[in-house]
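Quick notes on the structure that follows.
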Amino acid sequence: KDSELLKDEFTLPTFSLGYVKDESKLIKLYSAVDIFVLPSLEENLPNSIMEAMSCGTPCVGFNIGGIPELIDHLHNGYVANYKSSTDLAEGMKWAIQNNQNQGLSKESRRKVIECFSENTVAKKYIELYNQITEH
């Protein structure tokens, strides 16, 4: 369904932004929010969480796929028990309450830069290539 059609199904106010493909607008959106929540039940290593964290936005998601590799529970965000909407809501509350001094934001950005920057990933590929070609 189109997001405009879904907005009447929520009890809270919603604002449809449509599909955002402009990178600078996306950065502004991630930076403008208090937290980013990805309630997916199936994921690999979600770019949306990595993008949000690189903008200093703490994230909340379920303990599925690569989400726990990105979010360090109670350090830069919250990893909720799989399929538990109650725990997901608790995580949203926790993340908002515990980022008053921007500590979660700083740790979110640090994690992405330290573990997933182009230089870091390139070095890991080079190391792997060197290991494979040594034999």
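According to the square roots a ≥ b ≥ c of the eigenvalues of the Cα gyration tensor, what is the shape class of segment 28-80, taking rounded for a/c under 1.5, prolate for a/b larger than b/c otherwise, and oblate for the remainder? Since a/c reaches 1.5 and a/b is larger than b/c, the shape of segment 28-80 is classed as prolate.
For the chain, which whole percent of the accessible surface, found with a 1.4 angstrom probe, sits on carbon and sulfur atoms?
Here it works out to 53 percent.
Take every pair of alpha-carbon atoms less than 8 Å apart whose residues are at least six positions apart; their mean separation over the length of segment 1-119 yields a relative contact order of 22 percent. Beyond 24 Å, what share of the Cα-Cα pairs of the chain is found? Please give it as a whole percent. Percent of Cα pairs beyond 24 Å in the chain: 38. Quick check: residue separation of S117 and Y82 times 0.36 nm, minus the Cα distance between them. What number comes out in nm? So the chain would gain 9.8 nm between S117 and Y82.
Approximating the spin labels as points 7 Å out from Cα along Cα→Cβ, the L17-to-Q97 distance works out to 2.7 nm.
The overall shape of segment 79-128, judged from the alpha-carbon gyration tensor, is oblate: a/c is not under 1.5, and a/b is no greater than b/c. For segment 40-86, averaging the sequence separation of C-alpha pairs within contact (under 8 Å, six or more residues apart) and dividing by the residue count gives a relative contact order of 38 percent. Most tightly packed first, judged by the mean number of other beta-carbon atoms within 10 Å of their residues, the peptides 25-32, 77-84, 49-56, 121-128 read 49-56, 77-84, 25-32, 121-128. Highest-first packing order for the peptide set 58-71, 106-119 is 58-71, 106-119, based on the mean count of other beta carbon atoms within 10 Å.
Probe of 1.4 angstrom, ligands and nucleic acids ignored: what's the accessible area per residue over segment 8-135, in square angstrom?
Heavy-atom accessible area per residue stands at 68 Å².
Estimated purely from DSSP H runs of n ≥ 4, each contributing -39500 (n - 2.57), the mean residue ellipticity at 222 nm for the chain is -15000 deg cm²/dmol once divided by its residues.
May I ask you to derive the FRET efficiency for S31 and K7 from their Cβ-Cβ distance with R0 = 25 Å, giving the value to the nearest 0.05? It comes out at approximately 0.60.
Would segment 1-40 count as rounded, prolate or oblate if I go by the C-alpha gyration tensor, calling it rounded below 1.5 in a/c and otherwise prolate when a/b exceeds b/c, oblate otherwise?
prolate
Can you give the net charge of the other residues whose Cβ lies under 12 Å from the Cβ of N81, counting K and R as +1 and D and E as -1? Once all neighbours under 12 Å are counted, the net charge is -1.
If R₀ is 35 angstrom, what is the calculated FRET efficiency for the pair I132 and L45, using the beta carbon separation as r and rounding to 0.05? Between I132 and L45 the formula returns 0.95.
The values are calculated or read from the model by the stated rules, or taken from the named source; none is laboratory data. Keep in mind that what you see is a predicted model, and the values were worked out from it rather than measured. Cβ coordinates were reconstructed from backbone atoms using ideal geometry, including for glycine residues, and neighbour counts include every protein chain displayed. Accessible surface is based on the protein model in full, side chains and every heavy atom, while ligands, DNA and RNA are left aside. Shrake-Rupley method; radii C 1.70, N 1.55, O 1.52, S 1.80 Å.
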